[in-house]
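Undergrad: Let me begin by handing over the structure; questions about it come next.
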Amino acid sequence: MGFDTFFLKELGVAVLIFFISHFSIRLILRSSSKNLPPGPRGWPIFGALPLLGTMPHVTLTNMAKKFGPIMFLKMGTCDTVVASSPAAAQAFLKTLGHNFLNRPTIAGATHLGYNAQDLVFANYGPKWKLLRKLTNQHMLGGKALNDWAHVRENEVKHMLREMHNCAKHEKLIEVIDLLSCAITNMVSQVVLSHRMFSNKGLESKEFKDMVVEFMTISGVNIGDFVPCIAWMDLQGVVGKMKRLHKRFDVLLTKIIEEHVKSSHERKGKPDFLDIVMANEEDPSQERLTLSNIKALLLPNLIILKVNLVKLNTFEAELAMLMIDFFGLEASYIEEFKEGASLSDHLNEFQGIFYQMSRMDIKFEDEILGLLLLNSLSESSETFKVSITNSAPNGVVILQMIKGSILKEEIRRKTQGSSSRSEVLVTENKGRS
């Protein structure tokens, strides 16, 4: 009991000395006028970290409106400069690019990136230049994109077939899952000549589970910003990273071994991994180790899978496109029925778009005019041509067609037309 009391007293004194020293040093440094960009005042020890909230990008955007395009933030004990405008970003990444090519060492790069040997976190030097050269020439360059265009086309077709099968069997379509699988398969075929994701298979399921875990532990790690407490691993993420790294390493080793065995099947059409591994054996330039290759391989397989922001945006745009297509399809199906009154046809046509407008689905008048015009029967071809020819600058709108129909109806009634199929429409006052 006495030992515990003594220990607590010693700990209290140590903490007190730490805070006094910390604030004294800050006061001294602040008095030596540093020419730093403006920025928010942070908390002791943790700096601006508590200010970022759950959506750091939104918080930083709001801060930039107050402090300007270049801000200084104390992220834990790390000095951080944030560029929030195209001009500022160009200054850092292009004009002064060589001063900012190296990246700080963080836990994720150390434990998941094979000790920061990938393209993103590797230090600037001959090896980094080689990694960038190989990636630009054989994966991201214009020629590489053209050479692998058929892969993208096939994956899109495969995704659409999956959507069609789900719709055919009245199953829920997980758009984000299908999109992410398609994009990752595009990349994995360029890199490995192999589809990483399929709807079935234990290997595919295991990889998906690993990617989900990667997403979970890839958030902010306090130890990266307050190195003095990194050894504590307060969030437990470092231990999870080490365990996940072992699983990824086993999978990547298996992929590379199988890839080497099947290399004879790709003679004349090497993929990205073939080119990188051939460079490993080239003594005339910088050598790549197996760890370099694994570190380069891993982000190429998972980076598009975890980019959920773009996938969510794409899903929303696709949903709107499908809604618009449904409206177009419904209007085209509503074609003129021979022998029916044109007034009935127009009523049905307007009824469709009235219901769609209540669902906040709207079309421009020009589109509505073309749809109405094209839905008329072949027997009205002369009438359709006359409307098109009389349209100002060839632009046909809905109100113009309805007005022309009224005039044509009066003309035909004057001539005493009695055929019901030739009766034209009167203006529907209730729906317009």
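The values are calculated or read from the model by the stated rules, or taken from the named source; none is laboratory data. This is a predicted model, so every value here is computed, not measured. Ideal geometry is used to build each Cβ from the backbone, glycine not excepted, and the neighbour counts take in all protein chains shown.
Undergrad: Give the residues of the range 174-211 that are of a type in the set (S, T, N, Q), part of a helix (DSSP H, G or I) and modelled with pLDDT of 80 or more, sorted by residue number. It would help to see each step written out before you state the result.
TA: Here is the first cut: in the range 174-211, the ones of a type in the set (S, T, N, Q) are 180, 184-185, 188-189, 193, 198-199, 204.
So of that shortlist, the ones also part of a helix (DSSP H, G or I) come out as 180, 184-185, 188-189, 204.
Once the filter is applied, which keeps residues that are of a type in the set (S, T, N, Q), part of a helix (DSSP H, G or I) and modelled with pLDDT of 80 or more, the range 174-211 yields T184, N185, S188, Q189.
Undergrad: Determine, yes or no, whether T59 is of a type in the set (S, T, N, Q) and in a strand (DSSP E or B). Steps first, answer last, please.
TA: Numbers: of a type in the set (S, T, N, Q): yes; in a strand (DSSP E or B): no.
Judged against the criteria, T59 is not a match.
Undergrad: I've got another one for you. I'm checking my understanding of the structure. Among residues of the range 41-62 that are surrounded by 16 or more Cβ atoms within 10 Å (Cβ to Cβ) and touching a helix residue (DSSP H, G or I) at 6+ places or on another chain (Cβ under 8 Å), which one is modelled with the highest pLDDT?
TA: The extreme case among them is L60.
Undergrad: Hey, among I106, I70, which residue is at pLDDT 85 or above, aliphatic (A, V, I, L, M) and under 22 Å from V211 (Cβ atoms)?
TA: Values: I70 fails: under 22 Å from V211 (Cβ atoms).
Step by step, each of I106, I70 is checked, and only I106 is at pLDDT 85 or above, aliphatic (A, V, I, L, M) and under 22 Å from V211 (Cβ atoms).
Undergrad: Go through the range 84-123 and give me each residue that's touching a Pro at 6+ places or on another chain (Cβ under 8 Å), surrounded by 18 or more Cβ atoms within 10 Å (Cβ to Cβ) and outside any loop (DSSP other than H, G, I, E, B).
TA: Passing the criteria: only A88.
Undergrad: To continue, here is another question. Which of the following residues is at pLDDT 70 or above and surrounded by 10 or more Cβ atoms within 10 Å (Cβ to Cβ): K402, K362, K413?
TA: On the way: K362 fails: at pLDDT 70 or above; K413 fails: at pLDDT 70 or above.
Unique residue meeting the criteria: K402.
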